[in-house]
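Trainee: Encoded as structure tokens, here's the structure I'll be asking about.
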Amino acid sequence: MSFVRPEVAARFARWREVLLWAAVAALGLWLGARGLAQGAWLVALPGGLALLTGGLLLRGAIRRVRFAALPPGEGVVMVDEGRIGFFGPTTGGFIDLAALCRVEIRPGRAPCWRLVADDGTVLDIPAGARGNEHLPDVLGVLPGIDFGAGLATLTDPAATFPRVIWRASTESRPTLT
């Protein structure tokens, strides 16, 4: 017998990674502050490290939860070693991260990510496709990518035009080693 309503449990389950990293950051803050107050550097140093680690991982976790909250769409996204793949009912394909030249968010009734490669390959991925929450992690290596603008475009019902959230320049090409 559960004492928590199912919808509340589902919401906590969706945010569990965010809650975990927030707890790690809070513990690090507490340890760091306590260590500094008592002059115990051996306590303050791990506390600062936990605060830094928890804070950095918290940012990515929040981004994943926000993109995963979009309405479900068709298809499955697969990411494997710098290669993004999409398997849909009518379309699909692969694009290498190093070959990307533009990333767009296309709003509308069926919002999608549009990935364009330098050879002209275009991959349209519905924003609610299964596995889409991994796209921000993979595309996060692109210098200057603006996920805030992309998420605002996806959640704005009045948005009608595609928004370019990243465009390659000669010095911003991702390199895979």
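Read-outs: derived from the displayed coordinates by stated rules, not from any lab. Computed from a prediction, not measured in an experiment: that's the story for all the values here. Neighbour counts are summed over all protein chains in view; Cβ atoms, including those assigned to glycine, are modelled from backbone coordinates with ideal geometry.
Trainee: Once fully extended, how much extra length lies between Arg34 and Phe94, figured as 0.36 nm per residue of separation less the alpha-carbon to alpha-carbon distance?
Mentor: Computed gain between Arg34 and Phe94 is 16.6 nm.
Trainee: Follow-up question, since we're still on this one. Helix 41-68 versus the longest principal axis of the chain: what angle, 0 to 90°, nearest 10, using Cα atoms?
Mentor: The angle comes out at about 30 degrees.
Trainee: So, counting K/R as plus one and D/E as minus one, what does the shell of residues with Cβ under 13 Å around Trp21 add up to?
Mentor: Charge balance near Trp21 sits at +3.
Trainee: For Arg16 and Asp118, compute 0.36 nm times the residue count separating them, minus their Cα-Cα distance, and round to one decimal in nm.
Mentor: Difference between extended and current length: 32.9 nm.
Trainee: Ignoring everything except DSSP H segments at least 4 long, calculate the 222 nm mean residue ellipticity for the chain; use -39,500 (n - 2.57) per segment, divide by total residues, nearest 500.
Mentor: Helix-only estimate at 222 nm: -13500 deg cm²/dmol.
Trainee: Rounded to the nearest 0.05, what FRET efficiency do His134 and Leu49 give with R0 = 22 Å and r taken as the Cβ-Cβ distance? Could you check?
Mentor: According to the calculation, E is roughly 0.25.
Trainee: If you don't mind, there's one more thing I want to ask. Taking H as built 1.01 Å from N, whose amide H comes closer than 5 Å to the amide H of Gly73, not counting residues under 5 places away?
Mentor: Gly128, Ala129, Arg130
Trainee: Where Lys and Arg each count +1 and Asp and Glu each count -1, what net charge lies around Ala159 among other residues with Cβ under 13 Å from its Cβ?
Mentor: +1
Trainee: Skipping prolines and chain starts, which residues have an amide H placed within reach, meaning under 5 Å, of the one on Cys101, given they are 5 or more residues away or on another chain?
Mentor: Result for Cys101 returns Val116, Ala117, Asp118.
Trainee: Moving on. Quickly work out the Arg102-to-Val141 label distance, labels modelled 7 Å from Cα along the C-beta direction, and quote it in nm with one decimal.
Mentor: With each label placed 7 Å out from Cα toward Cβ, I get 2.3 nm.
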